Amino acid sequence: MEDAEICRLAEDVLGSITDDLDEATYRPLGGKLSIAWSDKTIYGAFASSPGQSDKPPQHCITFYYAFVVQVWRDAENICDFLRGIPKESGYDKVYDVWGDRVKLPSCFSKNEQVRNMFVAAITWVYFHELAHLMQEHGIIRAEFGMTGDKAKKTTDIHDCEVSQEKLIDGREALVSHVTELAADFEATSFYVTELMRHLMDPDFATEQERPEVFSGLLYLMVCGISLVFFRFHGNKPFLPAAAVEGSHPHPLPRLQFLIPQIFEQLDLEIFRADGGYTLDRRQLVVLCSKAAFSATLYWSVTNTDNHVFDTRFMLRGIFSDVATLQYLQPIVRTWDEILPRIREVRRFGVDAGLMYFTETARSRISDLITWGNGPEANAPAVAPSPRDAGTS
C-alpha cells in the first residue's frame, strides 16, 4: 500500500473513533475531543490538554503521518519475516513450545493480516493517548514529577521513538514511567472492549466464524502492540535494569504487565458470554505469549547488531525476575501516592480502567530482598499465577 493510502486509512479509523467519543462523552460535559495530524518526520503521537481540571475537557490527540506509515511497514515486515522462517529451522522448531508452528492466523489473507495488525496497533496507541488525557497526566507530572522551573502544567504528553538526547532521571522519570504504565493499562482495557464490539458485528464475522476470527484478531493485536513498544524504544540496548530512567519503561516489562491484563479481562464471564469464543484461560495465555514471542523474535533478529535471537528478549514471569521486582518497588509506591489525585481530576471513565496491583503482587514486590538470602535467591523459574502478574 502506498504511503498516502496508509495515511487515509489511519485518518478514517481514528477519525471515526474520535467522532464517536466526542459525541458520546465529551459533548455532554461541555468539552471537545479532536484529532490532528502532522507532516513532521517523527515516529509517534502526543496528547494535548490545557491542564484545567475544573473546566470542561478540551483534548486533542495528534498523530504523525510518518508514524502510521512506519507502523504499516513494521506490520508488513513482520508478516514477511514470519512467513519466511524455513521449515524445520531452529526458529521454526521453537514454536513447538506453544503447541504448533502456525505463526500467522490463516483465517485472514496476507493483506488482511497486515491491515488488522496495523489497525490494532494505531487504535491501541490512540487509546493510550486518550488515557493520558482522561487521567490528566500533564497535571500529574507537573505536580508530582517536576521541581524548580519545570514545575508548571505540561500541556503535551509525547510518545515517540526515543532520541539520542539526554535521558531524564530521578523523580521526573519515575512519575513518567508510572503514568505510562497507567496509560498502557487503560488503553488495553479500552481496546479489549473495542475488540469485542468489533467481533460482535455480524457484518464482520458470522457466529460460526467468530471463534477463529477472535483468535486471529487477538494474536495480531498483541503482535501490533509489541511492535509499537519496540518502535518507541528505538535502537537503545535492551539491558535488564532495575533503575528507572528515561521517559518510558522498556518494552519487555511493558509486555509482561500488559499480556496478563489482556487474558484476565478476556477470561471474565461478561466477555465470554457475548464473545462466543471457546479458548479457556490457558489457551488465552498461550496465544498471547506466542504472539509476543513472534514480535520479539522478529525485532531481535532484524534490529539487533548480530541479527540473531537474543534470549534477553524472552518474556518471563514478573515474580521470577529480580530486576523487574526492584523496578516495581518505587512504581507501586508512586502510583499509590498519585492515584487519589488522578481520581480528583478524572471526569469520565470506569474504575476498571485504573491500574491496580493485587495484594499478592504487592507482597512479593515489597518483600524483595536484594542481598543475602532473601526469597528470590531460590525463586523457581516459573511464571506466577496470571492473576498476580503485576498490573492485572
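Compute the length gained on full extension between GLU245 and SER366: take 0.36 nm times their separation in residues and subtract their Cα-Cα distance, giving the result in nm to one decimal. Walk me through the numbers on the way to the answer.
Details: separation 121, 0.36 × 121 = 43.56 nm, distance 2.05 nm.
Going from the current span to full extension adds 41.5 nm.
Which ³J(HN,Hα) values, rounded to whole Hz and listed in residue order, are derived for segment 272-288 from phi using the Karplus coefficients 6.51, -1.76 and 1.60 in 6.51 cos²θ - 1.76 cosθ + 1.60 with θ = phi - 60°, glycine and proline given as x?
In residue order, the calculated couplings are 5, 4, 8, x, x, 8, 10, 5, 7, 4, 4, 5, 5, 4, 4, 4, 5 Hz.
At a Förster radius of 25 Å, what calculated FRET efficiency corresponds to the Cβ-Cβ distance of SER320 and LEU268, to the nearest 0.05?
0.45
With each label point set 7 Å from Cα along the Cα-Cβ vector, what nm distance links SER38 and ASN303?
The two pseudo-label positions are separated by 2.0 nm.
Just to verify a number: FRET efficiency for LYS87 and ASP54, C-beta to C-beta distance, R0 = 51 Å, to 0.05?
Values: r = 62 Å, r/R0 = 1.22.
The calculated FRET efficiency here is 0.25.
For LYS32, what residues show an amide H to amide H distance below 5 Å, using hydrogens built from the backbone and excluding near sequence neighbours?
Placed amide hydrogens put GLN58, HIS59 under 5 Å from LYS32.
About the Cα centre of the chain, what is the dipole size in debye to 20, counting +1 per Lys and Arg Cβ and -1 per Asp and Glu Cβ, all else neutral? Intermediate results must be reported in sequence, preceding the final value.
On the way: 38 positive and 55 negative charges, 149 e Å.
Using Cβ point charges on Lys, Arg, Asp and Glu, the chain gives about 720 debye.
Check cross-link reach from LYS290 to the aspartates and glutamates: straight Cα distance under 19 Å, and skip same-chain residues fewer than eight apart.
Straight-distance partners of LYS290: ASP74, GLU76, ASP80, GLU88, ASP92, ASP96, ASP100, GLU212, GLU264, ASP267, ASP280, ASP310.
Rank VAL178, VAL13, VAL222 by mean-square fluctuation in a GNM of the chain with C-alpha springs under 10 angstrom and give only the top-ranked residue.
Result: VAL13 has the largest fluctuation of those listed.
Work out from phi, with θ = phi - 60° and the Karplus expression 6.51 cos²θ - 1.76 cosθ + 1.60, the ³J(HN,Hα) of each residue of segment 170-176, listed in order in whole Hz, and give x for Gly and Pro.
x, 4, 4, 5, 4, 5, 5
Using a 7 Å offset from the Cα along the Cα-to-Cβ direction at both GLN329 and ASP22, what is the distance between the two label points in nm, to one decimal?
Distance between the two pseudo-spin positions: 4.8 nm.
When the Karplus curve 6.51 cos²θ - 1.76 cosθ + 1.60 is applied with θ = phi - 60°, which whole-Hz ³J(HN,Hα) does each residue of segment 184-196 get, with x for Gly and Pro?
4, 4, 5, 4, 5, 4, 4, 5, 4, 5, 5, 4, 5
Readers should treat all values here as calculations from the given coordinates under stated rules, not as data from a laboratory. Values in this document were obtained by computation on a predicted structure and should not be read as measured data. Every residue, glycine among them, receives a Cβ derived from its backbone with ideal geometry; neighbour counts consider all protein chains shown.
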